[in-house]
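The values are calculated or read from the model by the stated rules, or taken from the named source; none is laboratory data. All figures in this text were calculated on a predicted structure; none of them were measured in a lab. Every residue, glycine among them, receives a Cβ derived from its backbone with ideal geometry; neighbour counts consider all protein chains shown. Side chains are part of the model used for accessible areas, which takes the heavy atoms of the whole protein and leaves out ligands, DNA and RNA. Shrake-Rupley method; radii C 1.70, N 1.55, O 1.52, S 1.80 Å.
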Amino acid sequence: MKQIINAIISNDIHQIETVSEQLVVMGKTFALDEQLVNTFRLVFDELLSNVVTHAYGDNQVHHIEVRAYLDSYFIAVIEHDGVYFDPKNAPKPDLYSSIEERKIGGLGVYLVDNLINEVRYLNKENKRLIILKHKL
Amino acid sequence: MEIIETAIDKGKVLALNGKIDVVSAREFQQKYDELADIKTECFILDCSEVSYVSSAGLRVFLLFMKLQHKNNGHLIVCGLNQMVYNVFEISGFTTIFKFADTRDEALALLDTF
């Protein structure tokens, strides 16, 4: 299984672009379907923006590491040292209300769950991991 | 994100471009803020050049929809690629938005309102 991406970004929303660009390069290098690559870009936008926005209560710089591997699966790991996100406590998205009452919260995590075959959130002693596995 | 605004008889076409992610959604929101106080009968959001939309972008689509609903106006989203349409569908947006395949179809649809 080849490691394709190894990126370390800081907890700055603008750095998510670095990962997005590497996913585009991966797609071109391995001739992946463009819409699949865009699905991965969307998923990383959701997960990394959640980490950057919610995982840190201080004003310090933190590092978030992204690794991705490819064979017949796309496998990716996001590793950070912020607060653990427990998917059991994720707000349920509002999918059915009328236009006036429709709320937007919880859609990001819900989208990731629906777009990627397998998503796991792990809480290790000194690090938090999000692991993605998707059949190519 | 570049947003090209074109006036039409009944309102405006906004042609969106590229990815609508957590960063570029802010520009989309700015466009919404600019337009929210002006009552516009119809908006067409042309997404033919949009590669993907994350939840931060979906939020702004919903703001436009709520605005038009409040003002008894109309909103048509056109040109979504399959993946973006799929994201709208998973998000429960296909029950509250109107869609057209192309801008021309969206304009023709407006004439029926």
Answer from A:99, A:104, A:131 - the residue that is modelled with pLDDT under 95 and either more than 9 Å from chain B (Cβ to nearest Cβ) or surrounded by 14 or more Cβ atoms within 10 Å (Cβ to Cβ) (or both): A:104
Matching residues, segment A:91-121, being farther than 25 Å from residue A:36 by Cβ and in contact with a strand residue (DSSP E or B) (Cβ under 8 Å, 6 or more places away or on another chain): none
Boolean, residue B:48 is open to solvent by less than 40 Å² (accessible area, probe 1.4 Å) and either of a type in the set (Gly, Ala, Ser) or more than 14 Å from every other protein chain (Cβ to nearest Cβ) (or both): no
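Out of all the residues in segment B:51-70, which are open to solvent by less than 30 Å² (accessible area, probe 1.4 Å) and more than 8 Å from chain A (Cβ to nearest Cβ)?
B:57, B:60, B:61, B:64, B:67, B:68 - these are the residues of segment B:51-70 that are open to solvent by less than 30 Å² (accessible area, probe 1.4 Å) and more than 8 Å from chain A (Cβ to nearest Cβ).
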Lone unmet requirement of (1) within 13 Å of the chain's Cα centre (by Cα); (2) more than 14 Å from chain B (Cβ to nearest Cβ); (3) at pLDDT 95 or above for residue A:85: (3)
Strands (runs of 3 or more DSSP E) fully within segment B:1-85 counting 1 or more residues that are at pLDDT 95 or above and farther than 23 Å from residue A:102 by Cβ: B:4-8, B:11-20, B:42-53
Count - residues of segment A:1-21 that are open to solvent by 30 Å² or more (accessible area, probe 1.4 Å), among the β-branched types (Val, Ile, Thr) and either in contact with a helix residue (DSSP H, G or I) (Cβ under 6 Å, 6 or more places away or on another chain) or at the interface with chain B (Cβ under 9 Å from one of its Cβ atoms) (or both): 1
Single residue of segment B:31-45 satisfying the filter (in contact (Cβ under 8 Å) with a residue 12 or more places away in the chain and of a type outside the set (A, V, I, L, M, F, W, C)) that is surrounded by the fewest Cβ atoms within 10 Å (Cβ to Cβ): B:39
Among residues of segment A:69-102, those that are of a type in the set (Asp, Glu) and in contact with a Phe, Trp or Tyr (Cβ under 8 Å, 6 or more places away or on another chain), counted: 1
Test: residue in segment A:54-70 that is within 19 Å of residue A:20 (Cβ to Cβ), part of a helix (DSSP H, G or I), open to solvent by 40 Å² or more (accessible area, probe 1.4 Å) and within 13 Å of chain B (Cβ to nearest Cβ): no
Segment B:87-111, subset at the interface with another protein chain (Cβ under 8 Å from one of its Cβ atoms) and out of contact with any strand residue (DSSP E or B) (no Cβ under 8 Å at 6 or more places or on another chain), residue surrounded by the most Cβ atoms within 10 Å (Cβ to Cβ): B:91
Tabulated pairs, segment A:22-49, first facing another protein chain (nearest Cβ under 10 Å), second among the acidic types (Asp, Glu) and outside any helix (DSSP H, G or I), C-beta under 7 angstrom, 6+ apart or interchain: A:45/B:21
